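One structure is given below, encoded as structure tokens.
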Amino acid sequence: MKPKLLAVCLLLAAGACASGPAYGSGWTRLGERSVTDRLDHDRIDVGARRGEFNRIKLTVHRAPVDFHRVVVHYGNGTHQNVALRATIRDGGETRTIDLAGGDRVIRSVEFWYDANTARGRTATVRLFGRH
């Protein structure tokens, strides 16, 4: 393969890998958790090292997840309860959630859920933030 053609192919492949529901457009991956098929809750730790964000969203992979409650914990000790009662299908994402008070340092995001997985499988929930 010619070097220029190879370079173009590699650039196109890199762009395809970076695309998806939450990639591009300024979204930063902040963390992820594997969730099981029982009613439970989990937390994704973020920390100040990631910077300040004004929006977040969650994506779901491998199986649908029913979200019952989401709480964003900020670096200054306050928190924000997010009204989110939704079933997000495999490959889908929540609505964009605006953070109260503008740009905020996120310490962690807790979520209560019920994953619709087959026995023994897990779903993956990923957290993204936008500056």
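Values computed for the structure shown
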item: ³J(HN,Hα) computed for each position of the range 59-66 - Karplus, 6.51 cos²θ - 1.76 cosθ + 1.60, integer Hz, glycine/proline x; result: 10, 10, 9, 5, 6, x, 9, 8
item: Fully extended contour minus Cα-Cα distance, from V71 to V105, at 0.36 nm per residue; result: 10.8 nm
item: Net lengthening on full extension, T78/T122 (0.36 nm per residue, minus Cα-Cα); result: 12.7 nm
item: Burial ordering of V82, V46, fewest other beta-carbon atoms within 10 Å first; result: V82, V46
item: Sequence of I97, I56 once ranked by neighbouring C-beta atoms within 10 Å, starting from the fewest; result: I97, I56
item: Estimated FRET transfer efficiency when R0 is 30 angstrom, pair N54-W112 (beta carbons, to 0.05); result: 0.80
item: Least to most buried among S108, S34 (fewest other Cβ within 10 Å first); result: S34, S108
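Throughout, read-outs are computed from the coordinates displayed, never taken from laboratory work. Note that this is a predicted model, so its numbers are computed, not measured. Quick reminder, even Gly has a Cβ in these numbers, built from the backbone with ideal geometry, and neighbours come from all protein chains shown.
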